[in-house]
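Before I ask anything, here is the structure I am working with.
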Amino acid sequence: MPARLDHLVILVRDLEEAARDYGRLGFRVTPGGEHADGLTRNALVPFRDGTYLELVAFIEPEDGRDNVWGWRRFLPHEGLIDYCAATDSLREDVERLRGLGFEVEDLGEGGRLLPDGEEIRWRSASIRQEGRVLPFLIEDVTPRQMRVPGGPAADHPNGATGIPRLEISTPEAARASEHLAALAGTGPGPPEFGACEIFPVEPSGERREGPSAIGLSADATACAGELDRTLSHGVRLALTRGYEA
């Protein structure tokens, strides 16, 4: 079963500008590299709990080609568009979910060329759905620590330590909770991917279905509260000191 939340995807138009802005918010941003499809490149904001924010941009904004996750359709808007859960046995999870009635596409291998020239690889799968209520799945082929930096890269001046809460906007919150619980293999209560609780909520305004707000845990030095949404490129991010999922 998916063991944990892996990362959240934040689409931006200008990766360098977004990296600077997240730095101004007090995050330590690590260059990620270019994806193997040649369409996107990214930068990472890793946390001590092993999760991370992925800032991702298309290399050629006007190119009509899309990646396997279908992120180009969100342009020209920026913000939180997708999320990913990690598994240690993708093939078994795909078969289990198909047995539960989900339509799951095995996307095969993907990869990224790191700034130092090393290549990392993974396997992924996506669940057919209208929005992004359910995460896509990933299993590392190369060691995960090559894909997700730790140590000093996960120490942030603003005190952020992890992602214990994620809100998902959907007009069918009860149904989404059932599907997420089936995916995660959890019982009553909010579905959980590792230490992150998932909260389906009714959308406000014309908010699309999918991840909509991030709750970050923070150490005692942090200034708690919601972060500047201009600098976050439209993402609702809130720091909470001492948060425990």
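So what is the relative contact order of region 1-136, in percent, for Cα pairs below 8 Å that sit 6 or more residues apart?
Numbers: 244 pairs, mean separation 38.1, N = 136.
Relative contact order of region 1-136: 28 percent.
What list do you get for CYS84, CYS223, CYS196 if you sort them by fewest beta carbons within 10 Å? Don't skip to the answer; put the middle values down first.
Values: CYS84 22, CYS223 11, CYS196 26.
Starting with the residue having the fewest Cβ neighbours, the order is CYS223, CYS84, CYS196.
What percent does the relative contact order of the chain come to when contacts are Cα pairs within less than 8 Å and at least six residues apart? If you can, show how the numbers build up before the last one.
Working: 580 pairs, mean separation 55.0, N = 245.
Rounded, it is 22 percent for the chain.
Further, regarding this structure: Hand me the GluC sites (Glu not before Pro) from region 45-141 located in a DSSP loop with no more than 14 other Cβ atoms within 10 Å, in residue order please. Intermediate values should be presented prior to the final figure.
Numbers: sites: GLU54, GLU62, GLU78, GLU92, GLU95, GLU103, GLU105, GLU109, GLU118, GLU119, GLU130, GLU139; in loops: GLU62, GLU78, GLU103, GLU118, GLU130.
When the GluC sites (Glu not before Pro) of region 45-141 are filtered for loop state and at most 14 Cβ neighbours within 10 Å, GLU62, GLU103, GLU118, GLU130 remain.
So which GluC sites (Glu not before Pro) in region 150-245 are both in a DSSP loop and have at most 12 other Cβ atoms within 10 Å of their Cβ?
On the way: sites: GLU167, GLU172, GLU178, GLU192, GLU197, GLU206, GLU209, GLU226, GLU244; in loops: GLU172, GLU206, GLU209, GLU244.
Sparse-neighbourhood loop GluC sites (Glu not before Pro): GLU206, GLU244.
Using the Cα centre as the reference, give the magnitude of the dipole from point charges on the C-beta atoms of region 157-241 (Lys, Arg: +1; Asp, Glu: -1; all else neutral), rounded to the nearest 20 debye. Before the final figure, lay out the partial values.
Values: 7 positive and 11 negative charges, 31 e Å.
For region 157-241, the charge dipole is close to 140 debye.
Rank VAL104, GLY32, PRO171 by how far each Cα sits towards the positive end of the charge dipole of the chain (+1 on Lys, Arg Cβ; -1 on Asp, Glu Cβ) and give me just the farthest.
PRO171
If each DSSP helix of 4+ residues adds -39,500 (n - 2.57) and the sum is divided by the residues in the chain, what number results at 222 nm, nearest 500 deg cm²/dmol? List each step's numbers first, then the result.
Values: 4 runs with 36 residues, N = 245.
Helices in the chain give a 222 nm mean residue ellipticity of -4000 deg cm²/dmol.
List ILE81, ILE198 from most exposed to least, where exposure is judged by having the fewest other Cβ atoms within 10 Å.
Working: ILE81 22, ILE198 26.
Least to most surrounded, the residues fall as ILE81, ILE198.
Moving to a separate point now. Nothing charged except the Cβ atoms of Lys and Arg (+1) and of Asp and Glu (-1): what's the magnitude of the dipole of region 118-182 about its Cα centre? Round to the nearest 20 debye.
Details: 8 positive and 9 negative charges, 20 e Å.
Once rounded to the nearest 20, the dipole reads 100 debye.
Follow-up. How much length is gained on full extension from ALA238 to HIS77, taking 0.36 nm per residue of separation minus their Cα-Cα distance?
Details: separation 161, 0.36 × 161 = 57.96 nm, distance 2.09 nm.
Extending this stretch completely gives an extra 55.9 nm.
Could you tell me which trypsin sites (Lys or Arg not before Pro) in region 57-102 are loop residues by DSSP with no more than 15 other beta carbons within 10 angstrom of their beta carbon? Please list the in-between numbers first.
Numbers: sites: ARG65, ARG72, ARG73, ARG91, ARG96, ARG98; in loops: ARG65.
Qualifying residues, ordered by number: ARG65.
Taking the Cα centre of region 65-123 as origin and charging only Cβ (+1 Lys, Arg; -1 Asp, Glu), how large is the dipole, in debye to the nearest 20? Walk me through the numbers before you get to the answer.
Values: 9 positive and 14 negative charges, 43 e Å.
The dipole magnitude comes to about 200 debye.
A short reminder: the numbers here are calculations on the coordinates, not readings from a lab. The shown structure was predicted, so the numbers you read here are calculated from the model rather than taken from an experiment. Cβ sites come from the backbone with ideal geometry, for glycine too, and all protein chains shown count toward neighbours.
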